[in-house]
Each structure stands twice: as structure tokens, then as C-alpha cells.
Amino acid sequence: MHELAVTESILQIAEKHAHQANASKVTDIFLVIGNLSSIVDDSVVFYWEMISKGTVCEDSVIHFNRLPATLYCLVCDHTFEIPGELIPCPNCGSYQLKIQSGEEFFLESIEIER
Amino acid sequence: MATEKVQVVEKILDANDQVASQTQTLLTGSGVFSINIMASPGAGKTSVILKTIEKLSGKMRIGVIEGDTAPVTIDADKVMAMGMPAVQINTGGQCHLDAMMIDRALKHIDYKALDLIIVENVGNLICPAAFKIGTHANVVISSVPEGDDKPYKYTNIYRGIDVLLINKIDLLPYLDFRMDYFQQGVEILNPGLTTFKVSCKTEEGFDQWIHWLSQQVDEFKNRIHA
Ligand SMILES: Nc1nc2c(ncn2[C@@H]2O[C@H](COP(=O)(O)OP(=O)(O)OP(=O)(O)O)[C@@H](O)[C@H]2O)c(=O)[nH]1
Ligand SMILES: [Mg+2]
Ligand SMILES: [Zn+2]
């Protein structure tokens with residue numbers, strides 16, 4: 001469970017950018033997270049409500065843009081999505097695979113009031 | 001009131017990564033090579049560290065940073081009993097070490113006098129993968145009793161590491177661990193990863209690991225003195 005540390009970082013980044021933009025309030029936070037990242041959204045939301053109290057981010061809503069984890073099959077050229085666990089190519093059964101995406105982990109934008 | 005969108009696009013753990021990169025610069029400037037050992041609880045992190053110290057004693061000055069979630073000094077005491085400096089970090093229940101903790105720990109160890117710092121991360125296959133701590137090389141130890149499906153389930157820990165030790169191979173005759181299946185999973189996550197099969201009990205495979213590690217330290221020293 002490293003969601004607390006992650007949520008603290010999100011708050012730090014949001015506060016910094018809110019300050020730079022002279023925001024009086026942050027209303028929304030937009031995260032982009034690939035499905036290979038081992039982060040539990042509900043835990044982040046749970047900690048967010050706790051740690052954002054009394055900050056410029058109080059009562060803001062976190063939005064998770066979850067991106068699929070995709071693998072490419074080196075044997076049959078098939079590209080497919082995985083839930084998080086590695087599985088063989090559903091087309092040919094091969095394990096000769098390459099990870100293409102799913103490790104995204106960034107704060108894309110915030111919505112503010114001045 | 002109208003809201004306004006502010007573009008951010010910042011990696012969520014960027015602050016941690018920045019401290020990690022400062023730590024690496026500091027250690028490089030001091031001529032100390034450093035490795036971060038990650039594994040499940042009980043995979044053999046401390047056993048590998050002690051055996052490594054034993055094999056390299058007289059050849060290298062080694063310091064150890066021990067991460068634990070509780071204020072116990074069992075692992076650090078074992079290292080100090082071998083005459084090497086060790087610092088214990090108590091993460092206060094947190095499941096991983098982060099860059100700030102290493103930064104603080106370095107204030108308690110005379111790292112400039114060392115050739116190698118070994119960090120034992122908290123026993124956990126999920127969280128340490130996300131937090132860079134600034135070491136020059138990242139090591140994972142998988143032990144065969146954990147099962148051959150670990151790379152398929154805990155994908156992150158095998159990404160971005162530099163070497164993998166498969167430990168407790170003395171136990172292979174008693175288990176149904178499929179080495180091929182295990183390594184096939186690792187190959188997807190980290191193609192061509194340097195891997196050593198070892199046993200802390202029989203010392204099988206240790207010479208190869210020690211050779212690799214010594215070579216890394218030598219190459220590092222040559223690079224910084226070039
Ligand atoms: N049979 C066998 N046992 C081993 C081997 N390596 C370690 N062990 C045993 O595994 C147990 C755990 O080893 P440790 O070195 O304490 O593991 P660790 O990863 O440091 O554990 P934590 O710090 O508690 O997470 C001990 O009882 C060791 O003696 C090995 O190669 N073979
Ligand atoms: Mg240990
Ligand atoms: Zn295929």
C-alpha cells in the first residue's frame with residue numbers, strides 16, 4: 001500500500017500548480033494511469049479526502065483516466081490488452097511478448113477557480 | 001464561478017525521482033557504487049547481503065542500509081557483527097523505502113570511505129518498484145519457494161532492474177518450480193536481463209554473482225576516474 005505516498009505527491013503537485021496559477025480553489029484533478037501501475041483508485045480517493053482538507057484542493061474531485069496495458073506478440077503480430085497480469089497471446093498462445101503501454105503515471109491537469 | 005483548466009503533465013512521483021537523482025550524483029561524486037535489493041519478505045535479502053560481504057571482505061569496503069517497517073535491528077545487527085557499517089531505517093509501517101529516507105540515512109554513514117553501499121529494501125514485491133532511491137543498480141531476489149508465477153502477477157518489480165538473483169535453488173528438488181516458465185515471464189518484462197541462480201546455503205552460483213558485482217564496481221570506478 002503505497003497509495004498514501006502517491007496521494008501526498010499528487011497533492012504537492014496540485015498545490016504547486018494552483019499557486020502558480022493564482023487559484024483560490026482547485027475543483028478537479030485529472031490523472032492518467034496505465035493499468036500496469038499497481039495503484040488502487042479507491043485508496044487514493046480515500047486518502048485524498050483526508051489529506052486535502054484545509055488545502056486549496058479541499059473538496060476537489062480526482063478523475064482517473066485509466067489507460068489499457070497492451071502487449072504485442074512477436075510471433076503473430078497481434079496486439080492485445082491485459083488486465084494487469086501477464087497472459088499468453090490470445091491469438092497464438094505464444095509468450096514471446098513485448099509490453100507496449102500501461103505504465104503511464106502522471107498528473108495531466110487541474111481545474112481551478114480564481 | 002467559471003473554472004479554468006491548467007495543464008500540468010508532471011510525473012506523480014517526480015519529487016521523489018529528483019531526490020533520487022541527487023543522491024546518485026552525490027554517491028557518484030564520492031566514488032561509491034550502490035545497489036538496491038528488492039524482494040518479498042524472507043526471499044533471502046539479508047542472507048545474500050551477508051554472503052556477499054563475506055566473499056568480498058578484504059577486497060571492498062561495504063556499507064549497508066537496512067529498511068524495515070518496524071523498529072527492529074535484527075538485519076542491521078547481523079551486518080555489524082561482520083564488521084561492516086550499517087544504518088537501520090524504520091519506515092514506520094510504510095511498505096517501501098523512498099529517496100528521502102536514503103538521503104537521511106546517508107548522514108549516518110561514512111559513505112565516502114566505502115566502495116559499495118547495499119540497500120536492503122522493505123520486503124515487498126509491489127511498492128518498492130515504484131520508488132527510485134538513487135542507487136546505481138537495482139537488484140531483485142526471487143526465491144523459488146515463492147512459486148514460478150510471480151513475474152506474471154507482480155509485473156512491475158521486474159521492470160527496470162539490472163540484475164535478478166533466483167535464490168534458494170538448493171530447494172528445487174522439493175518444489176514444482178518450473179524455471180522455464182518463470183524465466184519466460186521475466187523475459188517479457190525485462191528482455192535479456194542478467195540472471196544468476198544462487199543458493200545462500202550451498203553457495204552455488206555465488207561466484208558468478210560476485211564476479212558480476214565486482215565488475216560493476218570496477219567499471220563504475222573506471223568511468224568516474226576517466
Ligand atoms: N534453503 C535455503 N534457505 C535460505 C536461502 N537463503 C536464505 N534462506 C533462508 O530464508 C530465510 C529468510 O532469509 P533472510 O535472508 O532473512 O530473508 P530477507 O529477505 O532478508 O527477509 P526480510 O528482511 O524479513 O524480508 C532464513 O531462514 C534463511 O536462512 C537459500 O539459498 N536456501
Ligand atoms: Mg532481511
Ligand atoms: Zn501471437
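Counts of other chain beta carbons within 10 angstrom of each beta carbon in peptide B:149-160 average 3.
Summarised as an ellipsoid, the protein assembly as shown has semi-axes of 36, 27, 17 Å, derived from the eigenvalues of the Cα gyration tensor scaled by 5 and square-rooted, with the largest first.
Roughly how many percent of the accessible protein surface of the protein assembly as shown is carbon and sulfur, given a 1.4 Å probe and a whole-percent answer? Exposed carbon and sulfur together represent 50 percent of the surface. Which one of B:VAL122, A:ALA21, B:TRP209 is farthest out on the positive end of the charge dipole of the protein assembly as shown, using unit charges on Cβ (Lys, Arg +1; Asp, Glu -1) and the Cα centre as origin? With unit charges placed on the Cβ atoms, the residue in question is B:TRP209. Adding -39500 (n - 2.57) for every DSSP H run of four residues or longer, then dividing by how many residues chain B holds, sets the calculated 222 nm ellipticity at -10500 deg cm²/dmol. Taking a Cβ cut-off of under 15 Å around B:ASP115, the surrounding Lys, Arg, Asp and Glu residues balance to a net charge of +3, with basic ones at +1 and acidic ones at -1. Largest first and in whole Å, the equivalent-ellipsoid semi-axes of region B:114-226 read 25, 18, 13, each the square root of five times a Cα gyration tensor eigenvalue. Evaluated with a Cβ-only charge set (Lys, Arg +1; Asp, Glu -1), region B:134-218 carries a dipole of roughly 240 debye about its Cα centre, given to the nearest 20. Measuring from a point 7 Å past the Cα of B:ASP17 along Cα-to-C-beta, which residues in region B:81-122 have an amide N at less than 20 Å? Counting only backbone N, you get B:96-103. Between region B:54-110 and region B:1-27, the C-alpha centres lie 28 angstrom from each other.
Distance between the 7 Å Cα→Cβ label points at A:HIS78 and B:ASP103: 4.8 nm. Accessible surface buried at the A:B interface totals approximately 3000 Å², computed with a 1.4 Å probe on protein heavy atoms. A:ILE62 sits with roughly 20 Å² accessible to a 1.4 Å probe, with DNA, RNA and ligands left out of the calculation. The solvent-accessible area of B:MET80, taken with every protein chain present and a 1.4 Å probe, is close to 90 Å². Expressed as an acute angle from 0 to 90° and rounded to the nearest 10, what is the orientation of the C-alpha long axis of helix A:3-20 relative to the principal long axis of chain A? Around 50 degrees separate the two axes.
Each listed q (0.13, 0.18 Å⁻¹) maps to a log10 I(q)/I(0) for chain A, found by the Debye formula over equal Cα scatterers with no solvent: -0.57, -0.84.
Its alpha carbons give region B:2-218 an Rg and a Dmax of 17.7, 69 Å.
The values are calculated or read from the model by the stated rules, or taken from the named source; none is laboratory data. None of these values were measured; they are calculated from a predicted model. Cβ coordinates were reconstructed from backbone atoms using ideal geometry, including for glycine residues, and neighbour counts include every protein chain displayed. Each accessible area value is taken on the protein alone, full model and side chains, heavy atoms only, with ligands, DNA and RNA left out. Shrake-Rupley method; radii C 1.70, N 1.55, O 1.52, S 1.80 Å.
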